[in-house]
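Working notes, beginning with the structure itself.
The values are calculated or read from the model by the stated rules, or taken from the named source; none is laboratory data. Since we're looking at a predicted model, the values are computed, not measured. Cβ: placed from backbone, ideal geometry, glycine included. Neighbour counts: every protein chain shown. To get the accessible areas, we keep the full protein, side chains included, count just its heavy atoms, and leave off ligands, DNA and RNA. Shrake-Rupley method; radii C 1.70, N 1.55, O 1.52, S 1.80 Å.
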Amino acid sequence: MKIVVDRIKCVGLGLCEAAAPTHFEVGDDGQLIVLRETVDEQDLAQAEEAVRSCPTSALKLIS
Amino acid sequence: MSAPVVSKRLVIVGASLAGLRAAEGARASGFTGEIVLIGAEEHLPYDRPPLSKQYLGDAEIPYLRDPDSYVHELNVRAVLGNPVTALRPDEKAVVVNGESISYDSLVIATGAAPRELPGYSEIPGVVTLRNLEDTHSLRRALDATHNITIVGAGIIGAEIATAARKRGCEVTVIEATHYPLERAVGREMGLVLSQMHPRNGTDLRCGVTLAELRTEGEGGKVSSVVLSDGSEIKTDLLLVSIGVVPTTSWLKDSGIELHPDGSIACDEYLKTSLDDVYAAGDAISWPNAHTGRTGRLETWTSANEQGAIAGRNAAGVEDALAYSTVPYFWSDWYGHRIQFAGTAHDAEPEVVIGGYEEEKFVVLYRSGDHVVGALAVNEPAKIMKDRRRIQQRSTWAEAVEHYKELGRKLALIQQETV
Ligand SMILES: Cc1cc2nc3c(=O)[nH]c(=O)nc-3n(C[C@H](O)[C@H](O)[C@H](O)COP(=O)(O)OP(=O)(O)OC[C@H]3O[C@@H](n4cnc5c(N)ncnc54)[C@H](O)[C@@H]3O)c2cc1C
Ligand code: SF4
């Protein structure tokens, strides 16, 4: 699986980072940094949680 | 908890954030039974935070989920446009439009509605903001308004002040207490944040209430307000933003336990006092194991997470989960991002990086030897890391050391660039 960010929707709130700190981090300029684009089996649950926790529905997982 | 009993039909009352998440949470836990989502509004679930932010400035309807995905992907039947008028626990049914819909398990997610100023809500030009229609009329009203008065210096009031200033309106915010935002961020920081109003041309008046509303003739539109200190302010639009009340009056004959503030009493599993009835979102109070306090949280994040857990627990496929959280909210004022995590209750705030003058800082809240809260203004990279430290119950020394380290690094970088 791969993480896709809709940069227009993302407003840099960082809730994805709270759910999956290994994959997401909000930078000092408020822009979301995707630390790792690929999602392995073992961090799938976290990544799905990140997708659900985003208030602007900016994240998607694609295969 | 005892072994779960799998429900056949899950009914959800309230089709907004918590209600939708309940449906998704039930499905995610493996629930294959029927789901009926009943909502008073005509719309499929949409998101509220944009209503006072982007959407107030004209954007697309912020649906929470692709409208085409309800039937096939989520397998949910949405019954929209009429409120549920009663819950009959003896019959295990709810009543909508005179018709009874039975449930095996139920999730209540009817949210909250703006508190009104008694006697004023019928007057043309007096408005509140909670739903899509409110936003449409507020947007139209703002276009035709020059002077707006906002009652309540809370978070949503400040966002609307922001939008109104952007459209060139003269804005006055009146606040009954001397300490705006005290409940949200504490006394001291409430005063600091409120300074953004005068700095951006909004007239903030604390410690005054509305004494009288004057209209253009009998039954006409609002024309001015008179405050308790005797001053009169020309006003074409009066926006009332003095908090919300849980939407639970429809439950009064059901026997469900409510708190004195009208919220539904839930346990840590988000179960109500009635069998097979769960609840989530702005309508509930629950014991938050993280803060050790029972109460309401009227935030997006808690409604989002509670909905998912209430749906899962109500479905009964998997073992029930308890819900606790480090509270979190954000807001955007005059182009500044405000983020808060944890609690300000009984805690001492201290600036750990930046300063008020630059309007860029982080304040941590100390209670005993621990960090319990964090407020970030224009520091978007910091807050989630502080939230994690609060979650892990870091000591004050650990939390502050992190910022000292950051300060040392910044000083080094500056030295190198000189
Ligand atoms: C303008 C605005 C801006 C906000 N900004 C932020 C923000 O920046 N950050 C943040 O954290 N939070 C924010 N919030 C708060 C956040 O939107 C709420 O916490 C969240 O919407 C709560 O979700 P809910 O599903 O519990 O309730 P609600 O969203 O209130 O939904 C309840 C739904 O139930 C329906 N309903 C009520 N009674 C019945 C009935 N009897 N039968 C059937 N349906 C019924 C209602 O019509 C409504 O659709 C904001 C709220 C508003 C209004
Ligand atoms: S939670 Fe959503 S809006 Fe926030 S940073 Fe992550 S993707 Fe962006």
Subject >> Subset of the stretch A:48-63 (residues that are within 11 Å of another protein chain (Cβ to nearest Cβ) and open to solvent by 80 Å² or more (accessible area, probe 1.4 Å)) >> reply: A:ARG52
Subject >> the stretch B:41-64, subset without any contact (Cβ under 8 Å) to a residue 60 or more places away in the chain and open to solvent by 40 Å² or more (accessible area, probe 1.4 Å), residue nearest to B:THR110 (Cα to Cα) >> reply: B:GLU42
**OP:** Working only within the stretch A:21-47, note down all residues that are open to solvent by 90 Å² or more (accessible area, probe 1.4 Å) and of a type in the set (Asp, Glu).
**Re:** A:ASP28, A:ASP29, A:GLU37, A:GLU41
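Checking the conditions here, which among B:GLU218, B:GLU268 is assigned to a loop (DSSP other than H, G, I, E, B) and under 30 Å from A:CYS54 (Cβ atoms)?
One residue alone meets the criteria, B:GLU268.
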Original post:
Restricting to the stretch B:275-296, what's the tally of residues that are more than 14 Å from chain A (Cβ to nearest Cβ) and surrounded by fewer than 20 Cβ atoms within 10 Å (Cβ to Cβ)?
Top reply: 10
Original post:
If you scan the stretch B:220-234, which residues turn out to be open to solvent by 70 Å² or more (accessible area, probe 1.4 Å) and either touching an Asp or Glu at 6+ places or on another chain (Cβ under 7 Å) or under 23 Å from B:ALA144 (Cα atoms) (or both)?
Top reply: B:LYS221, B:GLU232, B:LYS234
**OP:** Kindly indicate whether any position in the stretch B:324-337 is more than 23 Å from B:ALA158 (Cα to Cα) and within 12 Å of chain A (Cβ to nearest Cβ).
**Re:** yes
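Residues in the stretch B:102-121: is at least one more than 24 Å from B:ASP267 (Cα to Cα), more than 16 Å from ligand 2 (Cβ to nearest atom) and of a type in the set (Val, Ile, Thr)? Outline the logic, then answer.
We begin by selecting, within the stretch B:102-121, every residue more than 24 Å from B:ASP267 (Cα to Cα); these are B:114-121.
If we keep only those that are more than 16 Å from ligand 2 (Cβ to nearest atom) as well, we get B:114-121.
Within this subset, residues satisfying the condition of being of a type in the set (Val, Ile, Thr) are none.
Taking every residue of the stretch B:102-121 in turn, none turns out to be more than 24 Å from B:ASP267 (Cα to Cα), more than 16 Å from ligand 2 (Cβ to nearest atom) and of a type in the set (Val, Ile, Thr).
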Subject >> Subset of the stretch B:285-329 that is under 20 Å from B:LEU364 (Cβ atoms) and touching a residue at least 40 places away in the same chain (Cβ under 8 Å) - its residue that is nearest to ligand 2 (Cβ to nearest atom) >> reply: B:TYR328
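Assess whether A:ALA45 counts as being over 27 Å from B:PHE361 (Cβ atoms) and either more than 13 Å from chain B (Cβ to nearest Cβ) or without any contact (Cβ under 8 Å) to a residue 40 or more places away in the chain (or both).
On the way: over 27 Å from B:PHE361 (Cβ atoms): yes; either more than 13 Å from chain B (Cβ to nearest Cβ) or without any contact (Cβ under 8 Å) to a residue 40 or more places away in the chain (or both): yes.
Judged against the criteria, A:ALA45 is a match.
Can you find, within the stretch B:297-323, the residue that is surrounded by the fewest Cβ atoms within 10 Å (Cβ to Cβ) among those that are among the hydrophobic types (A, V, I, L, M, F, W, C) and within 14 Å of chain A (Cβ to nearest Cβ)?
Going through the stretch B:297-323, the residues among the hydrophobic types (A, V, I, L, M, F, W, C) turn out to be B:297, B:300, B:303, B:308-310, B:314-315, B:317, B:320-322.
Remaining after also requiring within 14 Å of chain A (Cβ to nearest Cβ): B:300, B:303, B:308-309, B:321.
Details: B:TRP300: 22, B:ALA303: 26, B:ALA308: 26, B:ILE309: 22, B:LEU321: 16.
My answer is B:LEU321.
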Original post:
Looking at B:ALA15, is it assigned to a helix (DSSP H, G or I) and more than 16 Å from ligand 2 (Cβ to nearest atom)?
Top reply: no
Subject >> Residue list for the stretch B:67-100, filter: part of a loop (DSSP other than H, G, I, E, B) and either within 16 Å of ligand 1 (Cβ to nearest atom) or not polar (S, T, N, Q) (or both) >> reply: B:VAL76, B:GLY81, B:ASN82, B:PRO83, B:PRO89, B:ASP90, B:GLU91, B:LYS92, B:ASN97, B:GLY98
Original post:
B:ALA22 fails exactly one of the following numbered conditions: (1) more than 14 Å from B:ALA279 (Cβ to Cβ); (2) open to solvent by less than 20 Å² (accessible area, probe 1.4 Å). What is the number of that condition?
Top reply: (1)
Original post:
Across the stretch A:1-32, what is the total count of residues that are of a type in the set (A, V, I, L, M), within 14 Å of chain B (Cβ to nearest Cβ) and out of contact with any Phe, Trp or Tyr (no Cβ under 7 Å at 6 or more places or on another chain)?
Top reply: 7
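Would you say A:GLN31 is more than 8 Å from ligand 2 (Cβ to nearest atom) and touching a His at 6+ places or on another chain (Cβ under 8 Å)?
On the way: more than 8 Å from ligand 2 (Cβ to nearest atom): yes; touching a His at 6+ places or on another chain (Cβ under 8 Å): no.
Judged against the criteria, A:GLN31 is not a match.
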